[in-house]
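The values are calculated or read from the model by the stated rules, or taken from the named source; none is laboratory data. Here the structure is a predicted model, which is why all the values come from computation and not from measurement. Methodologically, a virtual Cβ is constructed for each residue, glycine included, from the backbone with ideal geometry; neighbour enumeration extends over all protein chains shown. To get the accessible areas, we keep the full protein, side chains included, count just its heavy atoms, and leave off ligands, DNA and RNA. Shrake-Rupley method; radii C 1.70, N 1.55, O 1.52, S 1.80 Å.
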Amino acid sequence: MTIKVPKPSKVRIGTSNDSSIQPLREENARLKTDISRLRIEKAQLRDEKSHTNAENTQLKAENSQLREDNSQLKNEFDLIHQELKEEREMSELKDIELAKDNAWYQMLEEKHLRIEVE
């Protein structure tokens, strides 16, 4: 069952009192202008927000790539550091061997000289 409700009719203000209606019309025009301006600003803010979101997404992707690069460089640095440490240890061992060989050579030289003198 449908019940029909009558719509109230628009209120018509008489045109005989035009001077009292004019400020209302001007206010109405200003309000419509304000509404239009605010709609434009809202659309611009939406555009700025979408641009900012796109920029933010791009920066996050770049940040992720930089973190990955940083991690890779850190791994390479650690590897090079380890290799350098091993090379130093090898160099120290070679220096010790060389010093031993020089000591043996000096001892043999001295022994050889003693044998020649005797």
Among (1) at pLDDT 95 or above; (2) open to solvent by 100 Å² or more (accessible area, probe 1.4 Å), the one test that Thr2 misses
(1)
Pairs please, first residue from the range 20-34 and exposed (fewer than 10 other Cβ atoms within 10 Å of the Cβ), second anywhere and of a type outside the set (Ser, Thr, Tyr) and part of a helix (DSSP H, G or I), Cβ atoms under 8 Å, 6+ apart in sequence or on different chains.
none
Which of the residues belonging to the range 63-85 are acidic (Asp, Glu) and open to solvent by less than 90 Å² (accessible area, probe 1.4 Å)?
Asp69, Glu76, Asp78
